[in-house]
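Chemist: Once you've had a glance at the structure underneath, I'll fire off some questions.
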Amino acid sequence: VGFADKYVDITTVFEDLTRFTQATTGSGVIGLSLSGASISTLATATSSSKLGCSQLVTNTAVKSVSRFFCSIHGITQGSDYNMFWGNGYLSVSGSSINYIGDQYGFKSVRTGSGTVVISATNSNATSETSTSIGETDETANYFIDRQSTSSIKFYRQPSDAVYVLEATQTTNIGVGTNSNALDFAVSNTGVASNSRMIIGSASYQQEAVV
């Protein structure tokens, strides 16, 4: 589904973090690496990092048709963590990431050194819809196409591969208020274990209302 003749977008290769909101708890660290923006917890229990950009997303009308893209250049997998990359404004602490909020994106979860599971996720103010799509790729591109207020398609492109439609979700879609156009977060869920995500580039587009 294409955009109308007027749309707005934000694109970044994270050459400068000053236009992003940044929040950390515990030993959380946000910075720039040679590969992009780095958000990590380090190995102090109850630590988190959150990086967001709220430009463009200002009302319900502009959010009904939108797209999100990001390139993940590396993930350090601690024994326990929650991660999120997508569109939203999630509550993040050193104990957890609350995925119930106005959001759509991907989440990665690990508990007790177990299997890492990545899922497509979207939520309104009260409920979440989540579809497991397997283990986290340390390097991959992710693309989300919100086609309307009733359908969101989630794609993943592993290294040296083509984009694959991983999930189509049609329930618990938010209305788009109080969201970051770009939202990235990691929490070590109260365990003294370091987890890190490196984002090489990201973009968000939405139909314009005139």
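All of the numbers you see were taken from the coordinates with simple rules; none came from a lab. Treat the numbers as computed from the prediction; the structure is a model and nothing was measured. Every residue, glycine among them, receives a Cβ derived from its backbone with ideal geometry; neighbour counts consider all protein chains shown.
Chemist: Largest first and in whole Å, give the semi-axes of region 96-181's equivalent ellipsoid, each being the square root of 5 times a Cα gyration tensor eigenvalue.
Modeler: Taking √(5λ) for each Cα gyration eigenvalue gives 22, 17, 10 Å.
Chemist: Where does the longest stretch of the chain lie that holds no GluC sites (Glu not before Pro) found in a DSSP loop with 16 or fewer other Cβ atoms within 10 Å?
Modeler: Value returned for the longest uninterrupted segment is 16-134.
Chemist: What Kirkwood Rh does region 82-122 have if only Cα atoms enter the pairwise 1/r average? Answer in Å. The partial results should precede the final answer.
Modeler: Values: mean 1/r = 0.0945 Å⁻¹.
Answer for region 82-122: a Kirkwood hydrodynamic radius of 10.6 Å.
Chemist: What range in the chain is the longest one free of trypsin sites (Lys or Arg not before Pro) that are in a loop by DSSP and have at most 13 other Cβ atoms within 10 angstrom? Walk me through the numbers on the way to the answer.
Modeler: On the way: sites that count: Lys6, Arg19.
That gives 20-210 as the longest site-free run.
Chemist: Calculate, for Thr171 and Val117, the FRET efficiency according to 1/(1 + (r/R0)^6) with r their C-beta to C-beta distance and R0 22 Å; round to the nearest 0.05.
Modeler: Numbers: r = 20 Å, r/R0 = 0.91.
It comes out at approximately 0.65.
Chemist: Exposed loop chymotrypsin sites (Phe, Trp or Tyr not before Pro) only (DSSP loop, at most 16 other Cβ atoms within 10 Å): please give the longest stretch of the chain free of them, not including the sites.
Modeler: For chymotrypsin sites (Phe, Trp or Tyr not before Pro) (loop position, at most 16 other Cβ atoms within 10 Å), the longest site-free span of the chain is 4-162.
Chemist: Further question on the same structure: Compute the Rg to Rh ratio over region 33-127 from the alpha carbon atoms, using the Kirkwood formula for Rh, and round to two decimal places.
Modeler: 0.96
Chemist: Now, a different point. Quick one: compute the contact order of the chain, relative version, from alpha carbon pairs under 8 angstrom and 6+ residues apart, as a percent.
Modeler: This gives 34 percent for the chain.
Chemist: Take the alpha carbon atoms of the chain, find their radius of gyration, then divide it by 2.2 N^0.38 Å using N residues; give the quotient.
Modeler: Against the compact-globule rule of thumb, the ratio is 0.94.
Chemist: Okay, next question. Thr139 versus Asp9, label points 7 Å from Cα toward the beta carbon: distance in nm?
Modeler: For the pair Thr139/Asp9, the computed spacing is 2.4 nm.
Chemist: Label Thr21 and Thr131 with points 7 Å out from Cα along Cα→Cβ: what is the distance between them in nm?
Modeler: Label-label distance for Thr21 and Thr131, simple model: 2.9 nm.
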